[in-house]
Amino acid sequence: MAQVTSSTTVHDVVVVGSGAGGGTVTNVLANMGVSVLLLEAGPMLNIADLKEHMWPYNVPHRGAGPKGQAYTNEPTGFTYSATYGGSQLDGEPYTVAPGSDFSWFRSRILGGRTNHYGRVTLRLADYDFKPYTTDSLGFDWPISYNDLAPYYDKAEQFIGVTGSIEGIRSAPDGIFNPPGALKAHDVLVQRACAKNGIRAVAARQAVTTVARNGRPPCHYCGQCGRGCTTASNYASSYVQIFPAMKTGKVQVIANAMARELVTDASGKVTAVSYVDKTDGSEKQVRCRSVVLAASACESARLLLNSKSSQHPQGLANSSGKVGRYLMDTVGYSMSATVPALSGMPHYNSDGYGSHLYVPWWLWDKHKDLNFARGYHIEVGGGYGMPGIGSFQGAVNRVEGYGIPMKQAIRDNYGTSIGLSGRGEMIPNEDSYCEVDPEVKDRWGIPVLRFHWKWSDHELNQVRHMQQTFRAILETMGGQIAAPGGRGGGRGAAPTTAMDTGPQPGSQAPQTGQAGPQTGLPNAPAGQPATGGRGQRAGNAAAADPNRPPISRGGAIIHEVGTVRMGDDPKTSPLNKFCQAHEVKNLFVADGAPFVSNADKNPTHTIIALAWRTAEYLAEELRKGNV
Amino acid sequence: MSDITRRDVLRRLGLTLMATGVLDRVSAEEIHHFAQAAQASNGGSYSPKALTDHEYRTLVRLTDFIIPVENGKPGAVAAGAAAWIDMLASENAQLKSIYTKGLAWMDDAMKKRDAKDFLSGTPEQQTALLDLIAFRRNASLELDPGIQFFTMARRMTVDAFYTSEIGIADIDYRGNRPQASYPEPTEAITYALKRSGL
């Protein structure tokens, strides 16, 4: 290893990673007067770089990629979104064990994936904290809903979340700001759901519709995924970190790829060593405490790579559970062309993405179902901004050329409605990540190897989604298209970057991964076609015709659970404050501490947990306990 | 590019992008490309970079068939679709090959119909050929290369048209603008509910 440059300053807290968890810890600590050094593996975010409000013709290739890659089946890059990452990063491979299928989406930018994510903001229900108690599967959290509820409150008041008070047990109410009106397709979905005994309610999105902390209210341009120049939606970068930097308590080091944690004889972390990506040099920052928020799998990787004679299995890993119980969300999507929408008077349907969602409605009926855990439904539709590939579905259907083809495009525009199921996966012994014994990244840091397996609970849940979505869409007269897009899984070809139609709330980032057209004009955005270097090609699932089209592991980008919390140090690396049982000045504040992965998109719980962890850490620092 | 053209383009980009300040993200090279494509979409001349003059003129005619002028509303030619395709083909050897071979196939096919090349054919001859290669149901060993090429040309022409200012206005997309509130689309809801029977 090259010579290491180490500063003499000892920082109170070093935070590794600047997404939802790292951003929250940084903001909360700074506002409590604690100084923070924040390491981010990517560059600083420049608000002027956000592509909100750009038209396709503002870019010469209009989203097809600078070399027209959309037409030659090559990745186009993320032309319009604030994504800054993907499942393939140059020089940063990962591997997937034979027989497993997993893709790992990473962002390298201040704010991480919060810059582009779907902003679905759901509280865990009371029963979500005690799944083992409920059905003897999985594990209970060491905390309850009441422990986290005050932090959900704080997060909602700080961020701004749309929603309505509904009193549904599976979807606890929060402190909401007023939602936007339902769109026309939302009204059809809501009524069709009602006819099937299902209740659809206002979407809960991390968007402020009222002025808040100097942030103007949402201006309803629909381009949340490109980053918000008015900071009206939530991203940790512009909502938490930039304001925190103004306190004078925060120093950010960008382009800092953490390599390992350095410990002293007492086993405490004394420094974080990292690669300065600007020149490849090795550096160290010294600390009194460290908070890992590098994303669930990166945080696990960092612990596993922090080996020493004292910690031969990696740091905080006497239990051997670091990397274990990796979970993603179960994904499945279906869309339909709805003739009732054809010829409808056009209106500006942009809004803030989804305005309607369906909370899990059968939480008390699992004894009658052949799967143990629930899912919610995200709704997409409307007149999206035209882009590359937007109208190919209609074109492929009608073929020909000239005015008849153009009329078909016109008739089809805005008539597609998409439903995306997002379900709970039960943790299992076969889904985990570990350090690959051979492969290293461009800086010589050992990479992760993934193992993945869905159980019958998830597969049966997808079968239930299929039946339900078909019923809802057919109730409104919809003509079902082939399952498509991210979450469509097997048989679903990825679509191109721009997407004018259904954009369910937790939409995929505009992936820009060019691929063959699905024949489905408005499918939810496509999933990345391939994983990292070293990953075998193909999908094991494709070999089994009886397997429902479940999303591939990691595709929903909700990977959590690799450094879980629990009261027993023998089975959990972290205690109930997300503090390592074995290393008192080490905390984890991303999705890694999750004990289960409820059918609630993880970001809200990451923020609430991180907030709680930050307050606990500040108090422990004050008491001199860390 | 002349200085005047560059200034015009910068001003145009500036007007569009000033509100968000993204101009600095658009590289000089992109502006250069954009300038030429913009010229073409304003009815100006465009010097093809990937295709020969003959190939380019054939492609322009093809895009005119794919999205023609409709009741006086401009189509793919006014939207500069051929220039956009040529620009991408100049950056992508695979695309260039698709167009070079495909356009040659069109000329050959027209020769079999006793015309010198596609452009020299009568409108009836041109339409007769397109009516064959615009549909998968006509697949045959003889026609397959033409069908494959036309499918790509149609796909790119449709994309080029609907991502242009002209096409976005044509399809009547009303978004991408700030609003003070999100009003209920009452008229649309009434229409959809009535037709859905819900």
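The values are calculated or read from the model by the stated rules, or taken from the named source; none is laboratory data. Just so you know, these numbers come straight off a predicted model, no measurement behind them. Ideal geometry is used to build each Cβ from the backbone, glycine not excepted, and the neighbour counts take in all protein chains shown.
Tally the residues that are more than 12 Å from chain B (Cβ to nearest Cβ) and assigned to a loop (DSSP other than H, G, I, E, B), restricting the search to the stretch A:352-362.
5
Which residue out of A:96, A:59 is closer than 28 Å to residue B:95 by Cα and either at the interface with chain B (Cβ under 8 Å from one of its Cβ atoms) or in contact (Cβ under 8 Å) with a residue 40 or more places away in the chain (or both)?
Criteria check complete, one pass: A:59.
Restricting attention to the stretch B:139-174, which residues are crowded, with 21+ Cβ neighbours inside 10 Å and in a loop (DSSP other than H, G, I, E, B)?
B:163, B:164, B:173
With A:338, A:398, A:330 as the choices, which residue is buried (at least 24 other Cβ atoms within 10 Å of the Cβ), within 14 Å of another protein chain (Cβ to nearest Cβ) and modelled with pLDDT of 95 or more?
A:338
Taking residue B:68 as the residue in question, decide whether it is touching a residue at least 12 places away in the same chain (Cβ under 8 Å) and out of contact with any Ser or Thr (no Cβ under 9 Å at 6 or more places or on another chain).
No; evaluated as a whole, the condition is false for this residue.
Here's a check for you: in the stretch A:341-351, which residue that is surrounded by fewer than 20 Cβ atoms within 10 Å (Cβ to Cβ) and facing chain B (nearest Cβ under 7 Å) is farthest from residue B:177 (Cα to Cα)?
Of everything passing the filter in the stretch A:341-351, A:345 is farthest from residue B:177 (Cα to Cα).
If you take the residues of the stretch B:112-149 that are more than 10 Å from chain A (Cβ to nearest Cβ) and hydroxyl-bearing (Ser, Thr, Tyr), which of them is nearest to residue A:59 (Cα to Cα)?
B:120
For residue A:423, all conditions in the list (1) farther than 26 Å from residue A:363 by Cα; (2) under 22 Å from the mean Cα position of the chain (by Cα) hold save one; what is the number of the exception?
With respect to (1) farther than 26 Å from residue A:363 by Cα; (2) under 22 Å from the mean Cα position of the chain (by Cα), residue A:423 is out only on (1).
Can you find a residue that is basic (Lys, Arg), within 7 Å of chain A (Cβ to nearest Cβ) and touching a residue at least 12 places away in the same chain (Cβ under 8 Å) anywhere in the stretch B:150-159?
Among the residues of the stretch B:150-159, at least one is basic (Lys, Arg), within 7 Å of chain A (Cβ to nearest Cβ) and touching a residue at least 12 places away in the same chain (Cβ under 8 Å), which makes the answer yes.
Residue A:574 - would you say it is buried (at least 24 other Cβ atoms within 10 Å of the Cβ), modelled with pLDDT of 95 or more and under 30 Å from residue A:118 (Cβ atoms)?
Answer is yes for this residue.
Residue check, residue A:73 against (1) within 14 Å of another protein chain (Cβ to nearest Cβ); (2) at pLDDT 95 or above; (3) surrounded by fewer than 22 Cβ atoms within 10 Å (Cβ to Cβ), all met but one. Which one?
(2)
Does residue A:591 count as on the phi > 0 side of the Ramachandran plot and either touching a residue at least 12 places away in the same chain (Cβ under 8 Å) or not β-branched (Val, Ile, Thr) (or both)?
Criteria not met by residue A:591.
Each row is one residue, and each column tells you yes or no for (1) more than 20 Å from the chain's Cα centre (by Cα); (2) of a type in the set (D, E, K, R).
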| residue | (1), (2) |
| --- | --- |
| A:559 | no, yes |
| A:572 | yes, no |
| A:577 | yes, no |
| A:584 | yes, yes |
| A:604 | no, no |
| A:619 | yes, yes |
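Under the condition of being in contact (Cβ under 8 Å) with a residue 60 or more places away in the chain and among the hydroxyl-bearing types (Ser, Thr, Tyr), which residue from the stretch A:99-138 is surrounded by the fewest Cβ atoms within 10 Å (Cβ to Cβ)?
Checking each candidate, the answer is A:127.
Filter the stretch B:108-138 for residues that are under 21 Å from the mean Cα position of the chain (by Cα) and not aliphatic (A, V, I, L, M); which is surrounded by the fewest Cβ atoms within 10 Å (Cβ to Cβ)?
The residue in question is B:123.
When residue B:96 is evaluated against the numbered criteria (1) out of contact with any helix residue (DSSP H, G or I) (no Cβ under 7 Å at 6 or more places or on another chain); (2) among the charged types (D, E, K, R); (3) in contact (Cβ under 8 Å) with a residue 12 or more places away in the chain, which criterion, by number, is the only one it fails?
Condition (1) is where residue B:96 drops out.
Going through the stretch A:365-412 one residue at a time, which ones are touching a residue at least 12 places away in the same chain (Cβ under 8 Å) and of a type in the set (D, E, K, R)?
A:373, A:378, A:397, A:411
Could you say which residue among A:26, A:5 is part of a strand (DSSP E or B) and β-branched (Val, Ile, Thr)?
From the options A:26, A:5, the qualifying one is A:5.
Going through the stretch A:582-602 one residue at a time, which ones are outside any strand (DSSP E or B), more than 20 Å from residue A:12 (Cα to Cα) and in contact with a strand residue (DSSP E or B) (Cβ under 8 Å, 6 or more places away or on another chain)?
Within the stretch A:582-602, A:591, A:592, A:593, A:594, A:595, A:596, A:599, A:600, A:601, A:602 qualify.
If residue A:309 satisfies every condition in (1) out of contact with any helix residue (DSSP H, G or I) (no Cβ under 9 Å at 6 or more places or on another chain); (2) buried (at least 22 other Cβ atoms within 10 Å of the Cβ) but one, which is the exception?
Result: residue A:309 passes all but (2).
Looking only at residues that are within 12 Å of chain B (Cβ to nearest Cβ), in a loop (DSSP other than H, G, I, E, B) and not aliphatic (A, V, I, L, M) in the stretch A:167-216, which one is nearest to residue A:414 (Cα to Cα)?
A:183
Filter the stretch B:167-180 down to the residues that are modelled with pLDDT of 95 or more and out of contact with any strand residue (DSSP E or B) (no Cβ under 8 Å at 6 or more places or on another chain), then identify the one that is farthest from the other protein chains (Cβ to nearest Cβ).
Among those that are modelled with pLDDT of 95 or more and out of contact with any strand residue (DSSP E or B) (no Cβ under 8 Å at 6 or more places or on another chain), it is B:169.
Condition check ((1) outside the structural domain of residue B:54 (by TED's automatic domain parsing); (2) within 30 Å of residue A:74 (Cβ to Cβ); (3) among the polar types (S, T, N, Q)) across all residues:
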{"position": "B:88", "(1), (2), (3)": "no, yes, no"}
{"position": "B:129", "(1), (2), (3)": "no, no, no"}
{"position": "B:136", "(1), (2), (3)": "no, yes, no"}
{"position": "B:148", "(1), (2), (3)": "no, yes, yes"}
{"position": "B:153", "(1), (2), (3)": "no, yes, no"}
{"position": "B:161", "(1), (2), (3)": "no, yes, no"}
{"position": "B:167", "(1), (2), (3)": "no, yes, no"}
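Is there a residue being in a strand (DSSP E or B), out of contact with any helix residue (DSSP H, G or I) (no Cβ under 9 Å at 6 or more places or on another chain) and touching a residue at least 60 places away in the same chain (Cβ under 8 Å) anywhere in the stretch A:329-344?
no
Quickly run through the stretch B:181-191 and pick out the residues that are closer than 19 Å to residue A:53 by Cα and either more than 7 Å from chain A (Cβ to nearest Cβ) or among the hydrophobic types (A, V, I, L, M, F, W, C) (or both).
Correct list: B:181 only.
Which of the residues spanning the stretch B:64-89 are part of a helix (DSSP H, G or I) and either surrounded by fewer than 24 Cβ atoms within 10 Å (Cβ to Cβ) or at the interface with chain A (Cβ under 10 Å from one of its Cβ atoms) (or both)?
Result: B:64, B:65, B:66, B:84, B:85, B:87, B:88, B:89.
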